[in-house]
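Report on the structure given below.
The values are calculated or read from the model by the stated rules, or taken from the named source; none is laboratory data. Bear in mind that the values here come from a model prediction, so they are computed numbers and not experimental data. All Cβ positions, even for glycine, are placed from backbone atoms using ideal geometry, and neighbour counts span all protein chains on display. The protein model used for the area step is the full one, side chains on, heavy atoms only, and it has no ligands, DNA or RNA in it. Shrake-Rupley method; radii C 1.70, N 1.55, O 1.52, S 1.80 Å.
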There are 2 protein chains.
Amino acid sequence: MSVQERKARERAERERLIVATARELAEQQGWDAVTTRRLAERIEYSQPVLYSHFRGKREIIGAVALEGAAEMAVAMRAAASGASGPRDRVAALARAYLDFAARNPAVYDALFQLDGGLAYAREDTPEPLKDAFAALLESLGEVAGDGVEPGLFTEVFWASLHGLATLTRAGRLPPEDIEPRVELLVDRLAAL
Amino acid sequence: MSVQERKARERAERERLIVATARELAEQQGWDAVTTRRLAERIEYSQPVLYSHFRGKREIIGAVALEGAAEMAVAMRAAASGASGPRDRVAALARAYLDFAARNPAVYDALFQLDGGLAYAREDTPEPLKDAFAALLESLGEVAGDGVEPGLFTEVFWASLHGLATLTRAGRLPPEDIEPRVELLVDRLAAL
DNA sequence: TCGATTGTCTAGCGATGCTAGGATCAATTC
DNA sequence: GAATTGATCCTAGCATCGCTAGACAATCGA
């Protein structure tokens with residue numbers, strides 16, 4: 001059995017290598033630069049090897065997205081735990097979210113802009129995605145206010161952050177004034 | 001001179017045809033289906049003709065975006081003018097915005113998701129884009145609240161709508177509950 | 001009527017995602 | 001220890017993409 005185990009281990013290792021390399025390449029030069037040829041060359045295998053791990057480029061994007069979702073959940077919880085009151089917590093969360101999007105644009109794109117073939121907001125949604133949403137809900141639910149369903153509130157708050165993140169990075173919003181925008185959003189949207 | 005005028009007219013007409021066809025094709029089958037070959041075939045000219053009107057596919061997307069921006073501005077002002085009070089106006093605006101995005105997904109993508117080679121939020125931003133933002137500002141500025149710059153408020157409100165629009169259409173948010181989301185957004189964000 | 005200009009097309013380049021089919025190497029069996 | 005089997009990987013190629021060079025034809029000014 002040991003031989004098969006070793007092979008399985010090596011295979012899993014190579015899969016991690018593919019995902020990590022795709023992510024690295026995407027962060028360095030954008031997702032357009034992540035071609036199957038370039039990716040294959042970087043991992044020092046031929047192109048078809050990629051297709052023995054993933055159905056296609058879409059699934060590779062999806063794998064990067066899942067990895068990113070897990071990291072985002074960690075970052076959100078870390079930001080929330082370092083705050084004292086609800087107001088602080090929500091503000092810290094918002095900043096951490098925008099910071100994550102700005103620092104990991106390729107991962108953020110894989111998560112929320114590109115088609116990674118993942119199911120969102122459904123029962124069969126992969127666990128990391130559910131958990132990332134849960135991490136938001138943990139901090140935002142408490143400021144939903146009376147008569148507002150925490151899930152609904154989280155969706156709206158999240159959408160607002162997403163809008164700010166994407167419009168800013170796409171050059172649709174001037175990059176300065178990020179802080180006052182966050183202040184406005186938190187002060188108005190959260191029921192404190 | 002009449003001959004030249006006729007030629008210029010025909011040329012302009014063909015350019016409109018290209019943009020309209022690109023838009024139609026994009027709405028029917030998505031922007032991925034808008035290839036230069038298919039587009040050329042539909043307008044019944046050869047591929048290189050496209051390049052005598054536009055620098056490339058990007059510019060065609062940009063042209064569709066400008067057309068869409070003008071329509072959006074009209075739709076926003078129409079929605080705003082039919083409302084009685086500020087609360088009504090902002091709510092109507094929000095609904096009209098999301099409705100526009102849902103009904104014209106390809107145009108919306110050209111405007112805010114794809115790269116159409118346009119400058120946003122700058123001095124050299126094309127007029128239709130500035131005007132679309134102005135249309136939002138006209139209705140939203142009055143509910144910015146004390147001490148909040150109307151432009152900043154409009155940016156945040158717009159970003160929230162944009163987040164809702166894109167996340168919903170990309171399947172990241174369940175399509176139902178649109179109305180309660182709008183209600184929540186309007187009630188909380190607008191200073192009434 | 002003739003040369004020049006403008007307009008359009010055919011053909012092709014490099015690159016993309018993806019796949020078929022053959023070669024190679026290791027594990028298994030006699 | 002040799003032969004067979006099976007998994008693993010690579011070379012080569014397909015159709016399609018955005019874009020362009022160069023040939024050809026129609027039109028214009030003299």
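A compact table of results
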| item | result |
| --- | --- |
| Odd one out for B:A96 among (1) in contact (Cβ under 8 Å) with a residue 60 or more places away in the chain; (2) under 26 Å from B:E183 (Cα atoms) | (1) |
| Residue match in the stretch A:33-51 (condition: more than 15 Å from DNA strand D (Cβ to nearest atom), out of contact with any Cys (no Cβ under 9 Å at 6 or more places or on another chain) and within 14 Å of chain B (Cβ to nearest Cβ)) | no |
| Selection within the stretch B:37-52 - within 9 Å of DNA strand C (Cβ to nearest atom) and open to solvent by 20 Å² or more (accessible area, probe 1.4 Å) | B:R37, B:E44, B:Y45, B:S46, B:Q47, B:P48, B:V49, B:Y51, B:S52 |
| The stretch B:152-172, subset of a type outside the set (A, V, I, L, M, F, W, C) and within 14 Å of B:L189 (Cα to Cα), residue farthest from the other protein chains (Cβ to nearest Cβ) | B:T154 |
| The stretch B:173-192, residues that are of a type in the set (D, E, K, R), more than 8 Å from every other protein chain (Cβ to nearest Cβ) and in a loop (DSSP other than H, G, I, E, B) | B:E176 |
| Number of the exception - A:A78 against (1) closer than 17 Å to A:A22 by Cβ; (2) without any contact (Cβ under 8 Å) to a residue 60 or more places away in the chain | (1) |
| All positions within the stretch A:19-48 that are assigned to a helix (DSSP H, G or I) and in contact (Cβ under 8 Å) with a residue 24 or more places away in the chain | A:V19, A:A22, A:R23, A:A26, A:E27, A:W31 |
| Test: residue in the stretch A:147-161 that is β-branched (V, I, T), in a loop (DSSP other than H, G, I, E, B) and touching a helix residue (DSSP H, G or I) at 6+ places or on another chain (Cβ under 7 Å) | yes |
| Conditions (1) facing chain B (nearest Cβ under 9 Å); (2) within 15 Å of A:A92 (Cα to Cα); (3) open to solvent by 20 Å² or more (accessible area, probe 1.4 Å): number failed by A:G145 | (2) |
| Within the stretch B:148-164, tally of residues that are of a type in the set (G, A, S) and open to solvent by 10 Å² or more (accessible area, probe 1.4 Å) | 1 |
| Hits in the stretch A:117-139 - residues which are assigned to a helix (DSSP H, G or I), without any contact (Cβ under 8 Å) to a residue 60 or more places away in the chain and away from every other protein chain (no Cβ under 12 Å) | A:E127, A:K130, A:L137 |
| Every residue from the stretch B:9-26 that is away from DNA strand D (no atom under 12 Å from the Cβ) and open to solvent by 60 Å² or more (accessible area, probe 1.4 Å) | B:R9, B:R11, B:E13, B:E15, B:R16, B:L17, B:E24 |
| Selection from the stretch B:53-84 of residues that are open to solvent by 20 Å² or more (accessible area, probe 1.4 Å), within 10 Å of DNA strand D (Cβ to nearest atom) and not in a helix (DSSP H, G or I) | B:R55 |
| Which numbered condition B:E5 fails, given (1) among the charged types (D, E, K, R); (2) surrounded by fewer than 15 Cβ atoms within 10 Å (Cβ to Cβ); (3) modelled with pLDDT of 95 or more | (3) |
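Yes/no matrix, rows are residues, columns are (1) touching a residue at least 24 places away in the same chain (Cβ under 8 Å); (2) touching a helix residue (DSSP H, G or I) at 6+ places or on another chain (Cβ under 8 Å); (3) among the aliphatic types (A, V, I, L, M):
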position: B:A144; (1), (2), (3): yes, yes, yes
position: B:L167; (1), (2), (3): no, yes, yes
position: B:L173; (1), (2), (3): no, yes, yes
position: B:I178; (1), (2), (3): yes, yes, yes
position: B:R188; (1), (2), (3): no, yes, no
